[in-house]
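**Q** I'd like to ask some things about the structure below.
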Amino acid sequence: MRSREAWRLLIGTLLALALLSIATATVQAQGPSGAPHPPPASGGATSCWQCHRQPNLQATAGIAAANALCEDCHAKPDTVAQVNGQEISLQVQKQAFGKSRHALVACTACHTSVARSPHREIEPVACDGCHSNLAQHLAIGDPHLNVDCAACHFQNDHVALDSTTSRVVLARVDSQGKPVSLTDHTLVSQVPCGRCHTRGNAVLAPAAALPPKDITCIGCHPSVPIAASPLSWGAMGIFLIGLVLNVSVWLGGSVAGKLGLSLGEKMSLLAEQAVAIVFSRRLFTLGRAALLDGILHRRLLKENVARWVAHSLILLPFAARFALGLVTGLAAQFYPGAPLTRVLVDRDAPPVAFTNDLLALLIVLGAGYAGYLRATDKQRRALTAGQDALALLLLALIFVFGFLVEGVHILTIQLPWNQAAYAFVGAALAALLNPLPLDWGTIYPALFYVHAILVATFVAYLPFSKFFHILVSLFVVAVRPALEDKSRSGHPAGAHVP
């Protein structure tokens, strides 16, 4: 009996304490994260959620409740604003919005900065909260990092350059100064590039929309690994034909010391050797040889220091730029929202601009030094003078015009000199060109296409030139030690090792 009375007394006490805490508790609104909001700082903006509890924006009922708060004003035709002394309607047609692709998205999920007093949008629409795949936009060029999504994907054609943030945004007025309605939520997937890319545009864009960087650019730039233009299709087609011809000549001889084999037997033997290397400790031998002899040119250094310097000045910066582009592409694909990714994809970011210019300058110096060595070596000049001269000339011209493109890019977008200086070669050319009274927005596309044509020509010519050994030698010097390691282990080269 006493035990039952004790339990009743304990339960009664707990209930009394609970009722007392509810009666005396201070009412606090709940913010987006579920935590109570502190009182606003003096003079600061007051969040709407300090009085209105924010509903669950992950549920249909919560979205409807949140949007109902916005519709209290924005569904009415008399909700207006003053722009340049003229009234503009802020009414959102509920029926039209209900047919849009964002009909089931809460207003504040996109317009994240409006739920406060004073009530105005001070940040761009938060498209990247859901659409975070930066890799889809990487190939069209990093200048679009400074373009609001709505400036391209909103149906309205009026855009402007925000002098405060240097971003391309939707304009509030048209060319006649009349207010532009921004309440229509109709979006477009096929972006009208002519909205910005026209002569004399007000957003400092090139006069023509340029093709994306693709597989022919992948050696130096973050690019998509496909041929995306007729120029690239032609270059890659000729490159593949040359590659097939080279491989067919190589397969015409013996494979692993065996003669009289058919093409199928040779391919089968090569596949067997490749699998045997991959699934053995000789894979480490292959990797070591590829690094020391294929990339760092250890054997060439022992033979001729001057030739090693020329080769290294060309190959190592190429390898570094390719690695930087590969890391950038992977980061954009898998970590698009990371701060480092935003830096890597921005070619005007100081570390990226400086690194690209330094590596490109080293390649130009390497091509020039290689040309000098061949010009002063009578024996080598007599054997391959024409091929060597053309390949080196193409390589040098590619990077010279690349620097010109960079300099005119700086002038076109009017990049501040304190930031442009990190691209020290491009900035120097921009400083030299700046006094000329020319339309840089129109010149930029022309220089871009000259650079692209030179790159495509080099790619198409590569399998037919002496420069093809850049690709072949890496394979040869890496595989040969692995095969020799196999022979030393007591198995004849080409034999199957279980």
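Please treat every number below as a calculation from the coordinates, not as lab data. All values reported here derive from a predicted model rather than from experimental measurement. Because the Cβ atoms are built from the backbone with ideal geometry, glycine has one as well, and the counts that use them run over all protein chains shown.
**Q** Any idea what Rg and Dmax come out to for segment 46-195 if you just take the C-alpha atoms, in Å?
**A** Final numbers for Rg and Dmax: 16.2, 46 Å.
**Q** Let me ask another. Hey, what's the Cα Rg ratio for segment 239-296 versus the globular rule of thumb, 2.2 N^0.38 Å?
**A** Normalised Rg, Cα atoms only: 1.36.
**Q** Something else now. Please work out how much length the chain gains when fully extended from His469 to Ile241, using 0.36 nm per residue of separation minus the C-alpha to C-alpha distance, in nm with one decimal.
**A** Going from the current span to full extension adds 80.4 nm.
**Q** Separate question: Please give the FRET efficiency for Thr186 paired with Arg120, using the beta carbon to beta carbon distance and R0 = 35 Å, rounded to the nearest 0.05.
**A** With a Förster radius of 35 Å, E is 0.95.
**Q** If a/c stays under 1.5 just call it rounded; otherwise compare a/b with b/c (prolate if a/b is bigger, oblate if not). Do that for segment 275-321, with a ≥ b ≥ c from the square roots of the Cα gyration tensor eigenvalues.
**A** In terms of gyration-tensor shape, oblate.
**Q** At R0 = 45 Å, how high is the FRET efficiency between Leu263 and Phe334 if r is their beta carbon distance? Nearest 0.05 is fine.
**A** With a Förster radius of 45 Å, E is 0.65.
**Q** For Asp72 paired with Gln58, estimate the spin-label separation in nm (one decimal), with each label point 7 Å from Cα along the Cα-to-Cβ line.
**A** Here the modelled spin labels are 2.7 nm apart.
**Q** Mind putting together the pair-distance distribution for segment 173-260? All Cα pairs, 5 Å bins, whole percent per bin, short to long.
**A** P(r) for segment 173-260, in whole percents per bin: 3, 10, 9, 11, 14, 11, 8, 8, 7, 4, 3, 4, 3, 2, 1, 1, 0.
**Q** A follow-up question, please. Say each of Arg8 and His111 gets a label point 7 Å from the Cα, pointing the same way as Cα to Cβ; how far apart are those two points in nm?
**A** Each label point lies 7 Å from its Cα, and together they span 6.0 nm.
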